[in-house]
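Engineer: My structure is below; once you've seen it, I'll send some questions.
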Amino acid sequence: MKHSIRRLALVFAVSLGLSPAARAADDVVTVGACQPITGRFAFAGVAINAGLQDYLNYANEKGLVPGKKFNYVYEDSGYDTDRAVACFKQIMAKHSPVIMYGESTGLGKAIAPELNSRYKVLYASASFSSELADPKSHPFSFISGPTYSDMFSVLLEYIARNKGATRPKVAFFYSDTEFGKDPIPYARKRAAELGIDVVAEIVTKAGAVDVTSEVLQLKKTNPDYVIFQGYIFSPIIEVIRATKDFGLKTRFMGTFWSMDKGIIDKLGQDADGYMGVMPYAYYYEDGAPGIAAMQAYNKKAHPDVKYQPNSYIQGWFTGMVYVEAVKRVVAAGKPVTGENLAAVLDTIKDWDTGGVTGKVTFVNHKAGVGRVYKANAAKGVFEPASDWIYAK
Amino acid sequence: MLIGNYKETYASDEALFRTPATRAWMGVAAAAAVLFPFVAGDYLLYLANLVAVLALGALGLNILIGFTGQISLGHAAFMGVGAYGTAVLASRFGLPFWISIPAGGALATGAGMVVGAPSLRIKGLYLAIATLSAQVIFEWVFTNWTSVTGGIRGLNVAPASIAGFRLDTDERMYFLILSVTVVHFLLASNLRRSRWGRAFVAVRDRDVAAEIVGVNLFRTKILAFMVSSYYAGIAGGLWVYFTKVVTPENFQLSLSIQFLAIVIVGGLGSIKGTVYGTIFMTLVPEMLKAGTGVARAFWPDAQSYLFPLRDVVFGLLIVVFLIFEPHGLAEIWNRIKRFFSLWPFKK
């Protein structure tokens, strides 16, 4: 008798202890993240983290998914694949989220076998690598924007649309890294399709600063456009300055990471004419309700913030996709699991993001849309040079 | 100094673990290691695997630097050679892990032999630069020999399997990694007591004197490089099956520096110091991470300061350890042991 009372008490105590968690599982959607808050990717990681966190808070405030609250858990992973995998496993074990965010292409590849077989959570990352945009080998991953190949496609499309009487000449200028080389094979093919001549391919170390011989090569081949890939600032700034000294008329283009306002600040007057592709609108743009909502949220949550970098918007947009996926799963009356969330990605078609991006259609788990922006050095901002262009 | 520990047979004189207390503790450690995966969660298990693989690689470097006194900044490259060798054999030729890992080790041994050749003529900082160039060259090969290494995207490897049993979870890999690592640690302990091990130490302490007493300098140095890269290669092979993907980014100079730090923090020339050093270098950042997690609960806005502060604290810890104990963690451990072996009868 005594024993059974004790056992009953034990069962009661255990159920008391467990019941909040069990109940929580129904109305809380946990989003985990391993963010590169320190290390060499910290310049973006801090902002991505802030953007993602802010959007999930915003969704909670506005009640964007009725009956669901988002709980955001993040850790620093230092842009180191080993630490990031450890972080991923730690968050999975401790919080069992249904959605994860990861810091790099490296983590995406390292975690893929277990993500596919064990964890089965919806996964996005700071990476735009086309390797992760493959529903066959990465069924739970998506790219929150266009891949680097898509970005090249948008730029080449823009060049083809704005060509003069002769065939445009383009040079690819990229770093000797995964980040630099990822889109190049596709870009060569796409340039040929669009009738663009690739007159030079220049490969350097990431962040190289001595670019004399590279600039001479540009002088020799005299391309109409140079597209940079795989750099943040250096050596883009050095190359632009040096070619100006040589009096070349070449125009320079960049992809996402070299399209933040910071590059205009660094280039000063030399920024005029620099252009590139952005998957998202800029923080200071008017006329887009999605951006206005972001500004309003920031005014309230971070009153002293005047500008948010493009990686903040990347994080914010990733949050939008997460929330949209949860919303669609809930609307279909299904449980919020990684499998259901990943399945719902393909149903996102012509989705209006309120001008944060162009209309989004997920094909192969990526949103292949971007816009060409041109620097205005006097104002220190990027201004749209085209409408939203869809990658082929 | 221990009293009453007489050696009455040759066997007891040759024993690796010399006192009953040591043997008992090793037994406890072995039991704990075997039981560990059944009580630890995913996260700890992953860290344990990481520590075991890195410790194996670091032991290779310790044989080279700590035993033989030859510096190398290219250790990560040798690990990479082993890893790529293993990955290519496993993914292209479908060889099982018990062939591909030793083959990767053999390949790394060959690479070590070539890179070690200049060590006869050059010493110290000059040798450091020579091995640094090996690091750069191998990194370049990993990135650009696309037809074999898969270039920047690297190679994906299927989980190891033996007789239909797939080692596809961290738990199963743990036993493979643990057993390979333990065997190689025992081998290294015995190597140190062998003719070659003593020759290594003689070369380290004074190479001219070693040559005068009959040690063949060239052969000894080359052998040290070969053994060292063999260990790195085996660690690389285990790494491949552990992470199931290999890319050039895994084997950069920063990893070589990390190995160097492990060996110095752990204790040059100390086998158990290698283990302590690896544990320190891997787990302390994670512990500091847990610490910042606690602090975050009280001070939520401070994360932007706390995360970078962790690296500063970690760096300071290393410096403090080196100032107070230049012989590394192994020596600190020895001091603690000596204290307790007499406690409480010592003043």
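Engineer: So, in the range A:101-118, how many residues would count as being more than 21 Å from A:PHE41 (Cα to Cα), open to solvent by less than 30 Å² (accessible area, probe 1.4 Å) and more than 9 Å from every other protein chain (Cβ to nearest Cβ)?
Structural biologist: 1
Engineer: Can you list residue pairs whose Cβ atoms sit under 6 Å apart, with the first residue in the range A:36-54 being within 18 Å of A:VAL73 (Cβ to Cβ) and the second being polar (S, T, N, Q) and part of a helix (DSSP H, G or I)? Count only pairs 6 or more apart in sequence or on different chains.
Structural biologist: A:ILE48/A:SER311; A:ILE48/A:GLN314; A:LEU52/A:THR318
Engineer: Any residue at all in the range B:44-64 that's farther than 30 Å from B:LYS289 by Cβ and outside the structural domain of B:GLY266 (by TED's automatic domain parsing)?
Structural biologist: Checked against the condition, which is being farther than 30 Å from B:LYS289 by Cβ and outside the structural domain of B:GLY266 (by TED's automatic domain parsing), the range B:44-64 yields at least one hit.
Engineer: Would the range B:84-93 turn up any residue that is in contact with a Phe, Trp or Tyr (Cβ under 6 Å, 6 or more places away or on another chain) and either at pLDDT 90 or above or open to solvent by 30 Å² or more (accessible area, probe 1.4 Å) (or both)?
Structural biologist: No: zero hits.
So that you can scan it fast, the table gives a plain yes or no per residue for (1) open to solvent by 20 Å² or more (accessible area, probe 1.4 Å); (2) free of Cβ contacts under 8 Å to residues at least 24 places away in the same chain:
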site: B:VAL39; (1), (2): yes, yes
site: B:LEU54; (1), (2): no, no
site: B:GLY57; (1), (2): no, no
site: B:SER72; (1), (2): no, no
site: B:HIS75; (1), (2): no, no
site: B:VAL81; (1), (2): no, no
site: B:TRP98; (1), (2): yes, no
site: B:ILE101; (1), (2): no, no
site: B:GLY104; (1), (2): no, no
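Engineer: Tell me which of these A:LEU64 doesn't satisfy, since it passes every other one: (1) in contact (Cβ under 8 Å) with a residue 60 or more places away in the chain; (2) within 18 Å of the chain's Cα centre (by Cα).
Structural biologist: Result: A:LEU64 passes all but (2).
Engineer: How about the range B:214-324: which helices (runs of 4 or more DSSP H) wholly inside it have at least 1 residues that are more than 30 Å from B:ALA90 (Cβ to Cβ) and within 12 Å of chain A (Cβ to nearest Cβ)?
Structural biologist: In the range B:214-324, B:271-298, B:303-324 are the helices (runs of 4 or more DSSP H) which contain 1 or more residues that are more than 30 Å from B:ALA90 (Cβ to Cβ) and within 12 Å of chain A (Cβ to nearest Cβ).
Engineer: So the check is Cβ under 7 Å with 6+ separation or different chains; which pairs have a first residue in the range B:260-286 that's touching a residue at least 24 places away in the same chain (Cβ under 8 Å) and a second one that's in a helix (DSSP H, G or I) and of a type in the set (D, E, K, R)?
Structural biologist: As it stands, the answer is B:GLY267/B:GLU331; B:PRO285/B:ARG310, since those pairs meet every condition given.
Engineer: Run down A:LYS189, A:LYS205, A:LYS163 and say which single residue is modelled with pLDDT under 95, within 26 Å of the chain's Cα centre (by Cα) and not aromatic (Phe, Trp, Tyr).
Structural biologist: A:LYS205
Engineer: Can you tell me how many residues in the range A:232-261 are touching a Pro at 6+ places or on another chain (Cβ under 8 Å), under 26 Å from B:ILE152 (Cβ atoms) and open to solvent by 20 Å² or more (accessible area, probe 1.4 Å)?
Structural biologist: The qualifying residues number 1.
Engineer: Which count do you get for residues in the range A:303-359 that are in a loop (DSSP other than H, G, I, E, B) and in contact (Cβ under 8 Å) with a residue 12 or more places away in the chain?
Structural biologist: Here the count works out to 17.
Engineer: Does A:ALA288 count as over 19 Å from the mean Cα position of the chain (by Cα), surrounded by 17 or more Cβ atoms within 10 Å (Cβ to Cβ) and either modelled with pLDDT under 95 or of a type in the set (Asp, Glu) (or both)?
Structural biologist: yes
Engineer: Could you tell me whether the range B:156-177 includes any residue that is within 29 Å of B:ALA31 (Cβ to Cβ), touching a helix residue (DSSP H, G or I) at 6+ places or on another chain (Cβ under 7 Å), of a type in the set (Ser, Thr, Tyr) and within 14 Å of chain A (Cβ to nearest Cβ)?
Structural biologist: yes
Engineer: Also, quick follow-up: Filter the range A:42-100 down to the residues that are open to solvent by 60 Å² or more (accessible area, probe 1.4 Å), more than 14 Å from chain B (Cβ to nearest Cβ) and assigned to a helix (DSSP H, G or I) and list them by number.
Structural biologist: If the condition is that a residue be open to solvent by 60 Å² or more (accessible area, probe 1.4 Å), more than 14 Å from chain B (Cβ to nearest Cβ) and assigned to a helix (DSSP H, G or I), then A:GLU61, A:LYS62 are the ones that fit.
Engineer: Inspect the range A:18-39 for any residue being surrounded by 12 or more Cβ atoms within 10 Å (Cβ to Cβ), hydrophobic (A, V, I, L, M, F, W, C), in a helix (DSSP H, G or I) and modelled with pLDDT of 95 or more and give the result as yes or no.
Structural biologist: Checked the range A:18-39: no residue is surrounded by 12 or more Cβ atoms within 10 Å (Cβ to Cβ), hydrophobic (A, V, I, L, M, F, W, C), in a helix (DSSP H, G or I) and modelled with pLDDT of 95 or more.
Engineer: What number of residues within the range A:238-275 satisfy the criterion of being in a helix (DSSP H, G or I) and either more than 22 Å from A:ILE159 (Cβ to Cβ) or under 19 Å from the mean Cα position of the chain (by Cα) (or both)?
Structural biologist: Final tally of qualifying residues: 14.
Engineer: Can we say A:GLY380 is surrounded by fewer than 18 Cβ atoms within 10 Å (Cβ to Cβ) and assigned by TED's automatic domain parsing to the domain that holds A:ASP134?
Structural biologist: Taking the combined requirement at face value, the residue does not satisfy it.
The values are calculated or read from the model by the stated rules, or taken from the named source; none is laboratory data. What you see is a predicted model, and the numbers here were worked out from it, not measured in a lab. Because the Cβ atoms are built from the backbone with ideal geometry, glycine has one as well, and the counts that use them run over all protein chains shown. We work out accessible area using only protein heavy atoms, side chains counted, and drop any ligands, DNA or RNA first. Shrake-Rupley method; radii C 1.70, N 1.55, O 1.52, S 1.80 Å.
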